[in-house]
Amino acid sequence: MGTFSHPIEVFSSDGRRSMTVDALVDTGSTYTCLPGSVLRELGIFPVRRVQSKLADGSVIDDYLGEARVRLQGVESTTIVIFAEESAPALLGAYTLEGSLLVVDPVELRLVPTIALKMTRSNPQLYATKSS
């Protein structure tokens, strides 16, 4: 499979502004990684630290936060890693799954998919009674 980039629109914490970042699609990355300066400029701040394993096997500490993003017209809330400025922006698996997008490895593009679940829900469980 080849590599390709895709734009990801990231919204400010108040939803009034956004920035579009061209990110390398990386299904091997758990979370989306964006430059920390972009996230801070949009008012997005770290909420915790996590450990991440790199391709070379080393483990590093990362800061992560939550951001509202738009991919192909679909908005969702996702987890983002505050990446160093020299690191490439990465569009990770968590964001792709949350946006119901999968990779088409032949055409090198993202395509919509449907959600998966184990069993059928009983709609009667969620129905409200009218008085």
Item to check | Selection from the stretch 14-56 of residues that are among the hydroxyl-bearing types (Ser, Thr, Tyr) and touching a strand residue (DSSP E or B) at 6+ places or on another chain (Cβ under 8 Å) | outcome: SER18, THR20, THR27, SER29, THR30, TYR31, THR32, SER52
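Every residue, every condition in (1) among the aliphatic types (A, V, I, L, M); (2) within 22 Å of VAL111 (Cα to Cα); (3) in a helix (DSSP H, G or I), yes or no:
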{"site": "HIS6", "(1), (2), (3)": "no, yes, no"}
{"site": "GLY15", "(1), (2), (3)": "no, no, no"}
{"site": "SER29", "(1), (2), (3)": "no, yes, no"}
{"site": "CYS33", "(1), (2), (3)": "no, yes, no"}
{"site": "LEU39", "(1), (2), (3)": "yes, no, yes"}
{"site": "PHE45", "(1), (2), (3)": "no, no, no"}
{"site": "ARG49", "(1), (2), (3)": "no, no, no"}
{"site": "GLY57", "(1), (2), (3)": "no, no, no"}
Checklist entry - What single numbered condition from (1) under 16 Å from SER12 (Cβ atoms); (2) among the charged types (D, E, K, R); (3) in contact with a helix residue (DSSP H, G or I) (Cβ under 9 Å, 6 or more places away or on another chain) fails to hold for GLU84? => result (1)
Checklist entry - Quick check: anything in the stretch 23-38 among the charged types (D, E, K, R) and surrounded by fewer than 18 Cβ atoms within 10 Å (Cβ to Cβ)? => result no
Next on the checklist: For a quick check of your reading of the model, give me the residue pairs whose first member lies in the stretch 19-37 and is within 7 Å of GLY92 (Cα to Cα), whose second is of a type in the set (Ser, Thr, Tyr) and surrounded by 20 or more Cβ atoms within 10 Å (Cβ to Cβ), with beta-carbon atoms closer than 9 Å and at least 6 apart or on different chains.
Outcome noted: ASP26/THR32; TYR31/THR78; TYR31/THR95; THR32/THR78; THR32/THR95
Checklist entry - Can you tell me which residues in the stretch 93-121 are surrounded by 10 or more Cβ atoms within 10 Å (Cβ to Cβ) and either without any contact (Cβ under 8 Å) to a residue 60 or more places away in the chain or assigned to a loop (DSSP other than H, G, I, E, B) (or both)? => result GLU97, GLY98, SER99, LEU100, LEU101, VAL102, ASP104, PRO105, LEU108, VAL111, PRO112, THR113
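Readers should treat all values here as calculations from the given coordinates under stated rules, not as data from a laboratory. As the structure is a computational prediction, the values presented were derived from the model and not from experiment. All Cβ positions, glycine included, derive from the backbone under ideal geometry; neighbour counts span all protein chains shown.
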